Amino acid sequence: ILSGLALCSHPFVPQSYPKIRIGLSVIGRFAANCSYTILNLFSAEQFPTVVRGVGMGFAVVVSRIGTMLAPYILLLGTYSPCIFGISALLSGICALLLPETLGRQMPETLQDGERIPICLPWRKGSKHLVE
C-alpha cells in the first residue's frame, strides 16, 4: 500500500521539488522490493501442501507479468507511475483479505485449504484458520 501511495503521488509533485520526487521514488521502489520478497514467503503459506509447488509457480509467473509490461507502461508518459501505483494499491488491499498464518497449522490437503475463510474486516471472527 505504501508503494502504491508513493507511486500515485509522484507525478503530481512539481518538477521544482526534486528532493521530494526522489524521496517518493525511493520509498515506492523500496516498498515494492520488500513486497516482492514477502510474496514468496507468504504465498507458500497460503497453498495446501499437495499443490504448493504449482501454486508457487503460478504466483511467480503472475508476478513477472508486471515485469514484462513495465517498459511498455513507461512509454505512456508522465503519469505512468500512477498505473504502477494503482496496481500496487489494489494488490495491497487484496492482500489484506488473506488470512493470518502466524501460529497456525499450514493446510495439508485441498479440503483444509477450502476451509480457510477470507479475512473480511467487517465479519466477526474471520481471522481464524483451520482449527
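The values are calculated or read from the model by the stated rules, or taken from the named source; none is laboratory data. Just so it is clear, the structure is predicted and the values come from calculations on it, not from any experiment. Glycine gets a Cβ as well: all are built from the backbone with ideal geometry, and neighbour counts include every protein chain shown. These accessible areas exclude ligands, DNA and RNA; they are computed on the full protein's heavy atoms, side chains included. Shrake-Rupley method; radii C 1.70, N 1.55, O 1.52, S 1.80 Å.
Things worth noting here:
- In this structure the chain gives 70 Å² per residue of accessible area when probed at 1.4 Å with all protein chains present.
- C-alpha long axis of helix 80-96 to longest principal axis of the chain, angle in °: 20
- PHE12/VAL54 FRET efficiency (R0 41 Å; Cβ-Cβ; nearest 0.05): 0.50
- Using θ = phi - 60° in the Karplus curve 6.51 cos²θ - 1.76 cosθ + 1.60, the 3J(HN,Hα) couplings for region 29-35 round to 5, 4, 5, 5, 5, 5, 5 Hz; x is entered for Gly and Pro.
- Separation between Cα centres of region 97-112 and region 1-61, rounded to whole Å: 23
- Relative contact order of the chain, pairs being alpha-carbon contacts under 8 Å that are 6 or more residues apart, as %: 31
- Residue-by-residue Karplus 3J(HN,Hα) for region 55-61, coefficients 6.51, -1.76, 1.60, Hz, glycine and proline x: x, 5, x, 5, 5, 5, 5
- Sulfur and carbon atoms: percent of accessible area, region 1-60 [1.4 Å]: 76
- Helical mean residue ellipticity (222 nm; -39500 (n - 2.57) per DSSP H run of 4+; nearest 500) of the chain: -21000 deg cm²/dmol
- Distant alpha-carbon pairs in the chain (separation over 19 angstrom), percent: 58
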